[in-house]
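Derivation of every value follows stated rules applied to the coordinates shown; laboratory data play no part. Owing to the predicted nature of the structure, the values given are computational and were not obtained by experimental measurement. All Cβ positions, glycine included, derive from the backbone under ideal geometry; neighbour counts span all protein chains shown.
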Amino acid sequence: MSRLYVARNPKVAARSLDGEMMIMSGRDSTLFTLNRTATILWQAADGATPLNEIVEQRICPEFDVEPAVALQDAETLARDLASQDILQVSENPIPPKMSLAGEMR
Amino acid sequence: MPVKITTSDPQFSDMLVNRYEGFLSESPNSEIEFDVDLVEGGFSDPDADVHVSQNRGQWSLECGDFCAEWSPASRRGWIRQSANPYSIDAVLRIVHTLVLARQGGFLLHSASAIRNGKAFLFAGVSGAGKTTISRLAPADATLLTDEISYVRKTANGYVGFGTPFTGELAKLGENVSAPIAALYLLAKGPENRIEPIPQGEAARALLANVLFFAEDQDLVQSTFHSAFEFVSRVPVSRLTFVPDNDVWELIG
């Protein structure tokens, strides 16, 4: 499996409230609420840290799950979030965008 | 927010005067201006959905029964529509959402009323009870709207204003305003009760009822964050009610 990098899409608006991460698409104003795993992935998605490191360092310690299974699930989740324009997924590091519009508050 | 409408058609002008009675002013100042060009038909798809976009600072509004442009810089624009009251109503709602979003406010699918100097908002989808709660309002409550509430952010908090945008009640709101004391999410049930809800749920419910028209990233961002700001400053509760007058004993 090749390395994957994930980055938050700067075109979305995001807020964490009461432990819930809510994200609104800047494209069509659809509102998403992320579960715990997706929230961890979103918060760690800096474009520079490989997905396998995010899984090892952030997701596996939170959940009782095999690293290989967790990585597979995380990749599926990342691609699903990418299909909603919430995350960007690439096989290369993703440089930070100039816009900070999607910065977490 | 004063709006100036110019039309060369006296009958259309009279219709607007009747429709917006109570919201008319002799003030020469306006924050939004429109020239209305009346046409007979000419729209390719009368059932087309509204489409709002921005290009080089100019807003373009298109729908099945009208098209319009408006410039935030000059605050002027034009509307091309047939001689009906609904198209201009839609344009005014849309432009107000654009202007309010920049100021931290929004239009909300909700009824609202003033009681004891405070404004109360009652939000919900169609059928949730906006018209019912408005109809049940006691004599000492002033109805702001039974359909679309006008929320402005001020230095001292959020203020609810009356609007001429009506729902099933078909009754104009009063042209007055008051600080917003609470937002209630309406639900019908076997008894009247108010339950506080977590801020996350409140924000989700608020965003579900905010009027969004523009496919514009900056506007979505600002409205999204405005909703969170609102729920951090205004109490949001679920109001379950039996359709009877007693529910208003819980309000105000």
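Among the listed pairs B:LYS153/B:LYS188; B:LYS4/B:LYS171; B:LYS130/B:LYS153, those with a Cα-Cα distance over 28 Å are B:LYS153/B:LYS188. Taking every alpha-carbon pair within chain B, the share separated by more than 26 Å comes to 41 percent. For chain A, the alpha-carbon radius of gyration amounts to 1.01 times the rule-of-thumb value 2.2 N^0.38 Å expected for a compact globular protein.
If you run the Gaussian network model on chain B, springs between alpha carbon atoms under 10 Å, then out of B:ARG80, B:ARG115, B:ARG193 the most flexible one is B:ARG193. For chain B, averaging the sequence separation of C-alpha pairs within contact (under 8 Å, six or more residues apart) and dividing by the residue count gives a relative contact order of 17 percent. In chain A, the longest principal axis of the Cα atoms and the axis of helix A:67-83 are about 20 degrees apart. For region A:12-46, the residues whose backbone nitrogen is under 19 Å from a point 7 Å from the Cα of A:SER90, taken along Cα to Cβ, are A:12, A:42-46.
Quick one: Debye curve from the C-alpha atoms of region B:181-234, no solvent, what's log10 I(q)/I(0) at q = 0.14, 0.17, 0.19 Å⁻¹? Each listed q maps to, in turn, -0.44, -0.61, -0.72. For the protein assembly as shown, treating each Cα as an identical point scatterer without solvent, what Debye log10 I(q)/I(0) comes out at q = 0.12, 0.15 1/Å? Taking Cα atoms of the protein assembly as shown as identical point scatterers yields -0.95, -1.24. Considering only beta bridges that DSSP places wholly inside chain B, some 65 percent are antiparallel. The modelled label-to-label distance between B:SER126 and B:ARG193, using points 7 Å beyond Cα along the C-beta direction, is 3.1 nm. Within the listed set B:ARG204, B:ARG93, B:ARG152, the Gaussian network model of chain B (springs between alpha-carbon atoms below 10 Å) gives the highest mean-square fluctuation for B:ARG204. Computed from Cα positions, the angle between helix B:85-102 and the longest principal axis of chain B comes to roughly 70 degrees. Evaluated on region A:14-64, the Kirkwood hydrodynamic radius is 11.9 Å, with distances taken between all distinct Cα atoms. The simple spin-label model puts a point 7 Å past each Cα toward its Cβ; for B:LYS118 and B:LEU250 those points are separated by 1.5 nm.
If one takes the longest principal axis of the Cα atoms in chain B, at what angle in degrees, from 0 to 90 and to the nearest 10, does the Cα axis of helix B:10-19 lie? For helix B:10-19, the angle is close to 10 degrees.
Of the residues B:THR154, B:GLY252, B:LEU185, the one whose Cα sits farthest towards the positive end of the charge dipole of region B:133-252 is B:THR154 (charges of +1 on Lys and Arg Cβ, -1 on Asp and Glu Cβ, taken about the Cα centre). For chain A, modelled as a GNM whose springs connect Cα atoms under 10 angstrom apart, the maximal fluctuation among A:LEU17, A:LEU81, A:LEU71 occurs at A:LEU17. Of all DSSP bridge pairs formed entirely within the protein assembly as shown, close to 70 percent run antiparallel. For the residues of A:9-19, the average number of beta carbons from a partner chain within 10 Å of their own beta carbon is 4.
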